[in-house]
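Working notes, structure below.
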Amino acid sequence: MAAQIIDGKAFSARIRDKVATHVARLKDEHGITPGLAVVLVGEDPASQVYVRNKGKQTVEAGMNSIEHKLAADTSEETLLALVDKLNNDEQVHGILVQLPLPKHLDEDLVINSIDPAKDVDGFHISNVGLLGTGQKSMVPCTPLGCLMMLRDHHGNLSGLDAVVIGRSNIVGKPMAQLLLGDSCTVTIAHSRTKDLPDVVRRADIVVAAVGRPEMVPGDWIKPGATVIDVGINRIEAPEKGEGKSRLVGDCHFESCAEVAGAITPVPGGVGPMTIACLLANTVTACCRANGLAEPDGLTA
Ligand code: NAD
């Protein structure tokens, strides 16, 4: 194996330490405790795990965690009223509505009802526009985590060829905007891209956000390229026993690692960065709300 492994677990621990240090300073010097409100509608098991982890890590960083768990049949009116209440609560600096929402609720409407200054997921249309025009915004957590790892590894990204595979609003598109902001030459590839292997072979940086297990093999990777694997896919693992499974990324790790200069593993790469960046966004939102200097290195 040639590639350097980019350790997202260790990196995210450093981000969380930085967040905790800044939270302690906000408390000591200004008497302010950043607060993150998470709203969960329904009982989706994966969402319940995410929300529990977010709450735990928020508290570990010294911040207030406010959880609102609503029944699956909650009306849009009730949910919008809660968001409005949180928008007007000075103790709440970040608001996250856990997605997906039950089908009867309009996700766009709900997300766009969050105060953009408190939109720590960075999905509000205003933040999307601000990011797209290179202005100060709240940046979506997963692409922000990828950018932090790339900056840490490369120092300067200017002029590098970057290919983002996937064009979702949550990962692919904001990732491409961030790379453009750092002066990469960016290609967004997707399900209709012609000759994807050829497109990927040109890249100094490959960010794979597709949701297809081990789709990108090593022979698509330019020697020495950096591979950021966002995908989280559960596949059967009969070698571990009957009915067992394991997590893999969108890239075939072993073959990509033979060729790449650096690569994020799955699990332990991008995944742990996402919640760390959510905490970072909450501190950033809190500093902005109070007219205080933002900590260095916690946003784009
Ligand atoms: P999505 O389904 O919204 O988007 C997938 C994208 O992949 C689409 O834009 C589609 O055009 C593209 N695509 C599909 N098939 C393709 C193909 N054959 N070739 C090229 N492109 C193709 O998914 P998403 O929400 O962006 O998530 C992508 C992956 O990232 C998933 O595995 C998800 O679990 C993972 N994810 C991880 C984190 C994390 O914290 N690490 C966060 C969000 C998403």
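The values are calculated or read from the model by the stated rules, or taken from the named source; none is laboratory data. Everything numeric in this text was worked out from a predicted model, so none of it was measured. Here the Cβ is made from the backbone with ideal geometry for all residues, glycine too, and neighbour counts use every protein chain on show. For the accessible areas, the whole protein counts, side chains as well, though only heavy atoms, and no ligand, DNA or RNA atoms are used. Shrake-Rupley method; radii C 1.70, N 1.55, O 1.52, S 1.80 Å.
Under a straight-distance cross-link criterion of Cα-Cα below 13 Å, which aspartates and glutamates are reachable from Lys244, leaving out those fewer than 8 residues away in the same chain? Those aspartates and glutamates meeting the cut-off are Glu236. Restricting the GluC sites (Glu not before Pro) of segment 1-70 to loop positions (DSSP other than H, G, I, E, B) with no more than 11 neighbouring Cβ atoms within 10 Å leaves Glu43. From helices alone, the chain scores -12500 deg cm²/dmol at 222 nm; the rule is -39500 (n - 2.57) for each run of n ≥ 4 DSSP H residues, then divide by the residue total. Shown in residue order for segment 63-71 are the 3J(HN,Hα) couplings computed by the Karplus curve 6.51 cos²θ - 1.76 cosθ + 1.60 at θ = phi - 60°: 9, 7, 10, 10, 10, 10, 10, 10, 5 Hz (x for Gly and Pro). Of the residues Leu279, Leu144, Leu157, the one that moves most in a GNM of the chain with alpha-carbon contacts below 10 Å is Leu157. Counted over segment 1-75 with a bin width of 10 Å, the fraction of Cα pairs per bin, in whole percents, is 17, 34, 27, 17, 4, 0.
Compared with the dominant principal axis of the Cα atoms in the chain, helix 172-181 is inclined by about 90°. Counting only alpha carbon atoms, the long axis of helix 141-154 and the longest principal axis of the chain meet at about 50°.
Here segment 31-116 is treated as a Stokes sphere of Kirkwood radius computed over C-alpha pairs; at 10 °C and 1.306 mPa s its diffusion coefficient rounds to 120 µm²/s. Taking other residues whose beta carbon is less than 12 angstrom from the beta carbon of Asp106, and scoring Lys, Arg as +1 and Asp, Glu as -1, yields -3. Between helix 76-87 and the chain there is an angle of about 80 degrees, using the helix long axis and the longest principal axis of the Cα atoms.
Can you give the net charge of the other residues whose Cβ lies under 14 Å from the Cβ of Val171, counting K and R as +1 and D and E as -1? Summing Lys/Arg as +1 and Asp/Glu as -1 gives 0. Under 22 Å of direct C-alpha separation, and excluding same-chain neighbours fewer than eight residues apart, Lys18 reaches these lysines: Lys9, Lys27, Lys54, Lys56, Lys118, Lys136. Each Cα pair of segment 141-271 feeds into the Kirkwood radius, which the Stokes-Einstein equation turns, at 37 °C and 0.692 mPa s, into a diffusion coefficient of 225 µm²/s. Taken one residue at a time, the phi angles of segment 46-56 give Karplus couplings (6.51, -1.76, 1.60, θ = phi - 60°) of 5, 5, 4, 5, 4, 5, 4, 5, 4, x, 4 Hz. Gly and Pro are set to x.
Of the trypsin sites (Lys or Arg not before Pro) found in segment 197-300, those that fall in a DSSP loop while having at most 10 other beta-carbon atoms within 10 Å are Lys244. Coupling constants for segment 255-261 follow from the phi torsions by the Karplus curve (6.51 cos²θ - 1.76 cosθ + 1.60, θ = phi - 60°), and in residue order they are 6, 5, 5, 5, 10, 5, x Hz; glycine and proline get x.
Here the accessible area of segment 31-116 is 49 percent carbon and sulfur, with a 1.4 angstrom probe and all protein chains present. Got a number for carbon plus sulfur as a percent of segment 141-271's accessible area, 1.4 Å probe? Using a 1.4 Å probe with all protein chains present, segment 141-271 comes out at 48 percent carbon and sulfur. Given +1 at the Cβ of Lys and Arg, -1 at the Cβ of Asp and Glu and no other charges, the dipole of the chain around its Cα centre is 400 debye to the nearest 20. Heavy atoms of the protein chains alone define the surface here; on that basis the chain has 47 Å² accessible area per residue at 1.4 Å probe size.
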